[in-house]
1. Angle check, please: helix A:108-118 long axis (alpha carbons) against the longest principal axis of chain A (alpha carbons), in degrees 0 to 90, nearest 10.
2. Using only the Cα atoms of region A:52-179, what are the Rg and Dmax in Å?
3. How much length, in nm to one decimal, is gained on full extension between residue B:261 and residue B:59, taken as 0.36 nm per residue of separation minus their Cα-Cα distance?
4. At 0.36 nm per residue, and after removing the present C-alpha to C-alpha distance, how many nm does the segment from residue A:220 to residue A:75 gain when stretched out fully?
5. Quick one: Kirkwood hydrodynamic radius for region B:106-243, alpha-carbon pairs, angstrom, one decimal?
6. Rounded if a/c is under 1.5, else prolate if a/b is larger than b/c, else oblate: which is region B:94-185, with a ≥ b ≥ c the root eigenvalues of its Cα gyration tensor?
7. Tell me, B:53, B:107, B:138 in order of fewest to most beta-carbon neighbours within 10 Å?
8. What Kirkwood hydrodynamic radius do you get for chain B when you take the inverse of the mean 1/r over all pairs of distinct Cα atoms, in Å?
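Each reported figure results from applying straightforward, stated rules to the coordinates on display, with no laboratory input. Predicted model only: the values in this text are computed from it and were never measured. So basically every Cβ, Gly included, is an ideal-geometry build from the backbone, and we count neighbours across all protein chains shown.
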């Protein structure tokens, strides 16, 4: 599975993540929580290869992938949905999906159907340019696009941030479905502590680039975690 | 009436040459943001390719068609070598790219002088392109019509490639968001190289077309490089449609100005119009409407 061991990451002379150890559980949700600026997104970008790891290791199913480029990690089963409902805005929703399905060979069409079954609202929007979709629709498109790579580990960076409540529920349901029936492991960064803990089998709290608390997830942990995070 | 038709066609003809010169740039500069000052020398390489091919294949018609294919490959390979050796190290340094590719342009020009000599060389046009076709009472040279048709074929082919092919989707995705493309499983480096190969290859094709208009010398591409950049900027960065409109628009304007003034004054007037236009619409003719920045 995905493991980050003694990972240090930074930008220029600034060090942001200081020796973090995180292991994503097999077939469940692992949540990372923390305030803005705690280093959550920086850690995820290092996990997928968008930022270099200064020291430490990123391993995926036992293989050290620390030096691999992002697309090589994707081919080994790691998918990433970045923060901010990112899509290829000038491509249509269909092209956003087809782009990834092209690389999946014969499995592409079936995966496209599965992804659209998960977010049926996208079926009517396939011809629309992604940049013209709402935030919630773009986020569903982003998750569907990540699923088309055929991942075994899915990293979601604040998937419900800035999205209307009805769509948040659909996304939360989709994450539940994927982990229960798809055998997918999910690394979830989420500000919404209640949802993250309810979904997670394991959680980590990140503060100033260090893990300050970790443990087994569950809704009953919410009060303790909120107190620890001073929410 | 004859004069009007004649000038109209002169404009379209100039526009088609500009379009051929600018099409490759619409990919390498418009899509990838690389200021490649050696683009004109890739055209020159295409032109000399036509010269060499005609030495091997005596039939001017066959050699022209073969040259179009080989010219594409020669231009493309030169672009690929330039991308791998130099440009790939400078994607975040546009000013360095400009200077380095300018240096490469000078090297290629000197190389052409060393190999083919300083005097210009001629490429024979095939018999079926000699003479003129009467259109609305005006004789239009067949070579000009051929270049117009070639420009249209290249535009359509490039548009279809970008719009419908998997490679086209990868190119557009990489241009829009490199990080997102990488994390969607796309090798952005491989895509950059292919894009540069195709863009430079089209420059090679443009070079072959130039041999139908005049003799070939080491600086044959340099004459078009500024105008080609203007076409891409006026058309709107990253927009093929804009480049097509801009090429024919600038061609017609230029022909119109030349008809009513002199060649030098026409150039000055054209620049004045472009500067004024970019003051009003700095994003160019065609810009993309999105709800988000993504």
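1. 70
2. Taking only Cα atoms of region A:52-179, I get Rg and Dmax of 14.9, 46 Å.
3. Once the chain is fully extended between residue B:261 and residue B:59, it gains 68.6 nm.
4. Full extension from residue A:220 to residue A:75 adds 48.5 nm.
5. Taking every pair of different Cα atoms in region B:106-243, averaging 1/r and inverting gives 17.8 Å.
6. Numbers: a/c = 3.36, a/b = 1.33, b/c = 2.52.
Here region B:94-185 falls in the oblate category.
7. Lowest to highest Cβ neighbour count: B:107, B:138, B:53.
8. On the way: mean 1/r = 0.0510 Å⁻¹.
Across chain B, the inverse of the average 1/r is 19.6 Å.
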